[in-house]
Amino acid sequence: MSNVAVLATGTWVAQGITALSSLVLPRLYSPEDFGILAICMSVVPILAIVSSLQYQQAIVLPRQDKEASALLGMVFRFAAAGFAITLVLSLLVRLAGPQHVGLKQIPWVTLPVIAAITLFSVLGDAFNYWNIRTESFVLI
């Protein structure tokens with residue numbers, strides 16, 4: 001029962017931080033900035049699925065830790081490859097000119113940041129599944 005309490009408390013704290021930040025962030029950023037953020041955050045989950053092929057979900061399945069750690073390593077390699085491909089594509093978009101590919105409102109520096117956020121998203125998910133496997137719920 002304590003594992004459930006730890007996860008519930010963590011979720012409650014995260015929701016509280018989100019609620020408090022929603023009071024401050026609109027004073028710092030314009031609606032256009034939030035629009036760019038929304039576009040980026042809608043692309044990241046799709047890129048994360050494509051770059052990892054959702055292999056991180058399989059980390060909890062093997063009976064032996066050796067197989068699970070091999071899956072974790074494979075997810076790291078997929079994430080690195082997805083990062084590299086996304087970074088190269090973003091640089092190609094930069095060279096072609098964002099206005100030519102329908103991205104005239106998005107600053108060019110945002111595209112490499114999307115690649116980095118995708119990488120960290122996949123790695124974060126992989127570590128979460130590893131922590132679920134090892135029952136390290138406090139780390140989650």
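The values are calculated or read from the model by the stated rules, or taken from the named source; none is laboratory data. Worth saying up front: this structure is predicted, and the values here are computed from it rather than measured. A quick note on method: Cβ atoms are made from the backbone with ideal geometry, for glycine too, and the neighbour counts reach across all protein chains shown.
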Which of the following residues is within 19 Å of I114 (Cβ to Cβ), under 21 Å from the mean Cα position of the chain (by Cα) and in contact (Cβ under 8 Å) with a residue 40 or more places away in the chain: F83, F34, F78? F78
Tell me which residues, restricted to segment 1-44, are outside any helix (DSSP H, G or I), modelled with pLDDT of 85 or more and not small (G, A, S). Y29
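Applying the selection to segment 51-99, what residues are of a type in the set (G, A, S), touching a helix residue (DSSP H, G or I) at 6+ places or on another chain (Cβ under 8 Å) and either farther than 20 Å from S121 by Cβ or surrounded by 17 or more Cβ atoms within 10 Å (Cβ to Cβ) (or both)? Reasoning before the result, please.
As a first pass, look at segment 51-99 and keep what is of a type in the set (G, A, S): 51-52, 58, 68-70, 73, 79-82, 84, 90, 96-97.
Applying the additional criterion that residues be touching a helix residue (DSSP H, G or I) at 6+ places or on another chain (Cβ under 8 Å) yields 51-52, 58, 68, 79-82, 90.
Of everything in segment 51-99, those that are of a type in the set (G, A, S), touching a helix residue (DSSP H, G or I) at 6+ places or on another chain (Cβ under 8 Å) and either farther than 20 Å from S121 by Cβ or surrounded by 17 or more Cβ atoms within 10 Å (Cβ to Cβ) (or both) turn out to be S51, S52, A68, A79, G82, S90.
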Which residue pairs have Cβ atoms closer than 7 Å, lie 6 or more positions apart in sequence or on different chains, and pair a first residue in segment 120-131 that is in contact (Cβ under 8 Å) with a residue 12 or more places away in the chain and over 14 Å from A70 (Cα atoms) with a second residue that is of a type in the set (A, V, I, L, M) and in a helix (DSSP H, G or I)? S121/V44; S121/A48; V122/A48; V122/V75; V122/A79; L123/A79
Which pairs do you get when a residue that is more than 30 Å from I106 (Cα to Cα), found in segment 37-64, comes within reach of a residue that is small (G, A, S), reach meaning Cβ atoms under 6 angstrom, with the pair 6+ apart or on two chains? Q56/A126; I59/A68; P62/A68
